[in-house]
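So the structure is just underneath, and the comments pick up after that.
The values are calculated or read from the model by the stated rules, or taken from the named source; none is laboratory data. This one's a predicted model, so the numbers in the text were calculated from it and none came from an experiment. Glycine gets a Cβ as well: all are built from the backbone with ideal geometry, and neighbour counts include every protein chain shown. Note: areas computed on protein heavy atoms with side chains; ligands, DNA, RNA excluded. Shrake-Rupley method; radii C 1.70, N 1.55, O 1.52, S 1.80 Å.
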Amino acid sequence: MLLTTTAVAFIVFGFHSVWVSGRLRATSNHITNSMKQIGLGLSNYADTQDTGVANHSVDDAGAPLNSWRWLITPFVAQLDSNMDWSYHESWQSPANRDLREMHFDVYCLAPSTSDCNTNIFAIVGDDTAISPNPAAHWSELPADVLILMEVANSGKNWMEPGDYDVDELLAQSGRLGSSVKGLLNDRIHVMFADGQVWAISSDAPMTVLHPFLTITGAKNADRNELLSAWRVN
């Protein structure tokens with residue numbers, strides 16, 4: 001009886017491990033595929049506008065209206081023509097209510113929630129790829145500069161302005177996972193300007209990412225040299 005019970009326990013444990021591993025892999029693949037889809041949208045938006053990508057749109061007084069996520073959405077997915085929206089009004093306006101309350105799968109990735117908060121942040125600020133005043137056309141960006149990073153519990157609607165501030169990230173040291181929270185405990189997904197998506201170990205030192213947060217830094221750094229050791233397959 002003891003042997004039988006032990007054997008059953010091992011079988012149950014084995015099935016559970018396989019199930020957990022499968023869920024982790026599915027979540028990681030979802031994040032990776034969403035980032036690649038967003039990367040194409042960013043590139044197509046920049047080509048169409050013949051400019052860089054601003055982190056948000058502004059009104060006549062310079063107040064933020066909508067996130068870059070909303071600005072590129074027509075280049076990421078097909079919108080329902082029956083829905084109402086306005087690029088010229090705030091994400092909080094009644095005109096954008098339907099979209100604001102939409103769980104947009106490419107940005108809202110948390111598998112256990114149905115809210116409309118984003119799990120994708122850009123890295124924004126001076127000398128970044130997505131900034132208030134883009135310094136470079138998308139095609140001119142160094143391949144190794146970081147564009148996107150995942151975020152858990154962002155508290156930001158996917159249409160709402162809000163991202164990772166580059167100065168705050170550059171001020172952080174210690175473990176990557178202590179500064180940036182992802183959907184999986186052991187990794188943080190990031191996307192570079194050339195569209196490559198890497199999962200970086202949460203145990204990586206925050207400082208190894210610093211050179212890739214700005215355009216200037218990425219021009220003088222090699223991700224294969226500095227980040228490969230921390231890449232999670």
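Comparing mean-square fluctuations of 109, 170, 146 from a GNM of the chain with C-alpha springs under 10 Å, the top value falls on 170. Rounded to the nearest 10 degrees, what's the angle between the helix 2-49 long axis and the longest principal axis of the chain, both from Cα atoms, 0 to 90? Approximately 10 degrees, to the nearest ten. Each Lys or Arg adds one and each Asp or Glu takes one away; over the other residues whose Cβ falls under 12 Å from the Cβ of residue 206, this sums to -1.
Counting only protein heavy atoms and using a 1.4 Å probe, what share of the accessible area of the chain belongs to carbon plus sulfur, as a whole percent? Intermediate values should be presented prior to the final figure.
Details: 6050 of 11880 Å².
Of all accessible area on the chain, carbon and sulfur atoms account for 51 percent.
Which of the GluC sites (Glu not before Pro) found in segment 73-150 are in a DSSP loop and have at most 12 neighbouring Cβ atoms, other than their own, within 10 Å? Can you show the working numbers first?
Values: sites: 89, 101, 140, 150; in loops: 89, 101.
Within segment 73-150, the qualifying GluC sites (Glu not before Pro) (loop, at most 12 other Cβ atoms within 10 Å) are 101.
Full extension of the chain segment joining residue 139 with residue 83 gains 16.9 nm, where the gain is 0.36 nm per residue of separation less the Cα-Cα distance.
Normalised per residue, the accessible area of the chain is 51 Å², obtained with a 1.4 Å probe and no contribution from ligands, DNA or RNA. Taking the centroid of alpha carbons for each part, segment 181-205 and segment 99-152 are 13 Å apart. Normalised by the number of residues in the chain, the mean separation of alpha-carbon contacts (under 8 Å, six or more apart) gives a relative contact order of 19 percent.
The shape of segment 41-167 can be summarised by an equivalent ellipsoid whose semi-axes, obtained from the alpha carbon gyration tensor, come to 22, 17, 14 Å from longest to shortest. Translational diffusion coefficient of segment 99-197 (Stokes-Einstein, Kirkwood radius from Cα pairs, 4 °C, 1.567 mPa s): 90 µm²/s. Taking the three principal axes of the alpha carbon atoms in the chain, the coordinate ranges are 77, 47, 27 Å, sorted in descending order. Taking amide H atoms as placed 1.01 Å from N in the peptide plane, the amide H of residue 53 lies under 5 Å from those of 131, each 5 or more residues away in sequence or on another chain.
Between 216, 73, 128, the residue with the greatest mean-square fluctuation in the GNM of the chain (Cα pairs under 10 Å linked by springs) is 216. Backbone phi angles across segment 124-132, fed through the Karplus curve with coefficients 6.51, -1.76 and 1.60 (θ = phi - 60°), yield HN-Hα couplings of 10, x, 4, 6, 10, 5, 10, 8, x Hz in residue order; Gly and Pro are listed as x.
For the chain, what is the mean residue ellipticity at 222 nm derived from helices alone (per DSSP H run of n ≥ 4: -39500 (n - 2.57); sum divided by total residues; nearest 500 deg cm²/dmol)? Walk me through the intermediate numbers first.
Values: 7 runs with 75 residues, N = 233.
It comes out at -9500 deg cm²/dmol, rounded to the nearest 500.
Rounded to the nearest 20 debye, the dipole magnitude of segment 2-230 is 980 debye, with +1 charges on Lys and Arg beta carbons, -1 on Asp and Glu beta carbons, and the Cα centre as origin.
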